[in-house]
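Heads up: the structure comes next, in structure tokens.
The values are calculated or read from the model by the stated rules, or taken from the named source; none is laboratory data. Note that the structure is predicted; figures quoted are calculated from it, not measured. Note that each Cβ is placed from the backbone with ideal geometry, even for glycine, and that neighbours are counted across all protein chains shown. For accessibility, only protein heavy atoms count, side chains too; no ligands or nucleic acids. Shrake-Rupley method; radii C 1.70, N 1.55, O 1.52, S 1.80 Å.
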Amino acid sequence: MQIGIVGLGYVGLPLSLQFARSGVTVLGLDIDPAKIDAIAKGASYIKHIESSAIAAEVSAMRFSASTDFRRVKELDAVIICVPTPLNKNREPDISFILRTGEAIAPHIKRGTLVVLESTTYPGTTDEDLRQVLEKGSGLKAGSDFHLAFSPEREDPGNPNSKVASIPKVVGGYTPTCLEKAKALYGKAIKSVIPVSSCRAAEATKLLENIFRGVNIALVNELKVVYAAMDIDIWEVINAAKTKPFGFMPFYPGPGLGGHCIPIDPFYLTWKAREFGQNTRFIELAGEINTAMPNYVVNRLAEALNAKRKAVNGSRILLLGLAYKANVDDMRESPTYVLMDLLKKRGAEVAYYDPHIPIITPTREHAEWTGTKSVAWNKDSIKNFDAVLIATAHEAVNYQELADWCACIVDTRNVMRGVKVSEGQVWPA
Ligand SMILES: NC(=O)c1ccc[n+]([C@@H]2O[C@H](COP(=O)([O-])OP(=O)(O)OC[C@H]3O[C@@H](n4cnc5c(N)ncnc54)[C@H](O)[C@@H]3O)[C@@H](O)[C@H]2O)c1
């Protein structure tokens, strides 16, 4: 069996490797020639994926990559893992999916299975993608080719999270489509969970991410409320999580980040309007989470004020550009929002991130492109009026930070247990 995986990013690359390791021949397809070159050389471009893992599958001839979509005609199945961002009006942008559909449609043959993995609103697979595929191929979904949706469940930065052992939800356009998709994933994934339709599978992924977004908003709100009462939210969560049932810990932070939680819930909000439905929890959670960077900047202003300093003119170091600890993924990182807010208030802003030496181009934060992480040594760090911890990277020596910087604002509770002086650390 030879399969294709379109979109070799954070989702597509590990999935390709898992199929290849399971003995399936995988052709990776991407429009980015740099990724294709890297794979051919057995070189990784994602921090938590070892080059040796790619090299092993490439040299075993189980994994190769190309930009040539005509090669879809060689494949029995195609899995699509392309981005699904929001546009500048915060509406779903499924153009990457549709363009992929247009690119593969002329080359799919009778019996090909097409599976969408990109997170999206219910109806994308069996309406939008189906129409593009049928138009471009002249074939009918369900009878001539098979169509399914299976959401990705990645936990970036979690070393115990292995693609093979994460149960995979699958929904098919028809019962036969479902059977084909189950058989495909069964080759590489231990547990496949069938649901009744592509829409149910799409909705499952949205529920999972909305659940996180709403719960993070809840602890963010409680953080602010408890801080006013002089109660430490981290202590409270750590105590609450000793309850062996009915509680699951979520942690506050400087705002949402990453490619999923800040974005995916709004795919549902948009689609729900078509059905005259409101998504109030999603909107409220969005409002609370979006307010976090402002709260944090205000706390920083208080911390500086206590030292008779103003934000305006102060040198502020943001510690952590990645949206999540121990990863090099800076998409939608709240650190950008914090840097923008501080710059607007007249601060001189820099960042340190052991995993991101330089800011590569992004659509939303172009003005920071090319900015380099400062060096981690006493001479460089002691020059900052304050350090704002936005990401809890384990590679950072927080005791050194405490030794070098007199004013630290901590949004991640990483300074707990570090020897500090009175008034040096401000939780935020
Ligand atoms: N990153 C995660 O942790 C995660 C988790 C679950 C779900 N998802 C979802 O999976 C999807 C992919 O996310 P990702 O994080 O892997 O994105 P990514 O940006 O890391 O990778 C996407 C890849 O698709 C390629 N691409 C873009 N347009 C293309 C096209 N027309 N044809 C072929 N390739 C194209 C890009 O070059 C890139 O290599 C998104 O819908 C996302 O919401 C991501």
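Selection over region 355-375 of residues that are in a helix (DSSP H, G or I) and either at pLDDT 95 or above or crowded, with 20+ Cβ neighbours inside 10 Å (or both) gives a count of 1. Out of the residues in region 85-120 that are of a type in the set (S, T, N, Q) and within 12 Å of the ligand (Cβ to nearest atom), state the one that is surrounded by the fewest Cβ atoms within 10 Å (Cβ to Cβ). The residue in question is Ser95. If the condition is being assigned to a helix (DSSP H, G or I) and open to solvent by less than 10 Å² (accessible area, probe 1.4 Å), then region 376-400 contributes only Ile381. Checking Val72, Val82, Val58 one by one, the residue that is in a loop (DSSP other than H, G, I, E, B), hydrophobic (A, V, I, L, M, F, W, C) and either at pLDDT 95 or above or surrounded by 15 or more Cβ atoms within 10 Å (Cβ to Cβ) (or both) is Val82 and no other. Exactly one residue among Tyr351, Tyr336, Tyr267 is touching a residue at least 60 places away in the same chain (Cβ under 8 Å) and of a type in the set (Ser, Thr, Tyr), and that residue is Tyr267. Considered as a group, the residues in region 143-178 that are of a type in the set (A, V, I, L, M), open to solvent by 10 Å² or more (accessible area, probe 1.4 Å) and out of contact with any Pro (no Cβ under 7 Å at 6 or more places or on another chain) include one that is nearest to Tyr121 (Cα to Cα), and that residue is Ile166. Scanning region 215-244 for residues that are open to solvent by less than 40 Å² (accessible area, probe 1.4 Å) and among the hydrophobic types (A, V, I, L, M, F, W, C) returns Ile216, Ala217, Val219, Ile233, Trp234, Ile237, Ala240. Screening region 121-156 for residues that are touching a strand residue (DSSP E or B) at 6+ places or on another chain (Cβ under 8 Å) and in a helix (DSSP H, G or I) and picking the one that is nearest to the ligand (Cβ to nearest atom) gives Thr124.
The single condition among (1) within 20 Å of Val296 (Cα to Cα); (2) touching a helix residue (DSSP H, G or I) at 6+ places or on another chain (Cβ under 8 Å); (3) in a helix (DSSP H, G or I); (4) without any contact (Cβ under 8 Å) to a residue 60 or more places away in the chain that Asp403 does not meet is (1). Scanning region 307-323 for residues that are part of a loop (DSSP other than H, G, I, E, B) and either hydrophobic (A, V, I, L, M, F, W, C) or open to solvent by less than 60 Å² (accessible area, probe 1.4 Å) (or both) returns Ala310, Val311, Gly313, Ser314, Gly320, Leu321, Ala322, Tyr323. For first residues located in region 97-117 and under 16 Å from Phe149 (Cα atoms), partners that are of a type in the set (D, E, K, R) and near the ligand (Cβ under 9 Å from one of its atoms) and lie 6+ apart or on another chain with Cβ distances below 6 Å form the pairs Glu117/Glu152.
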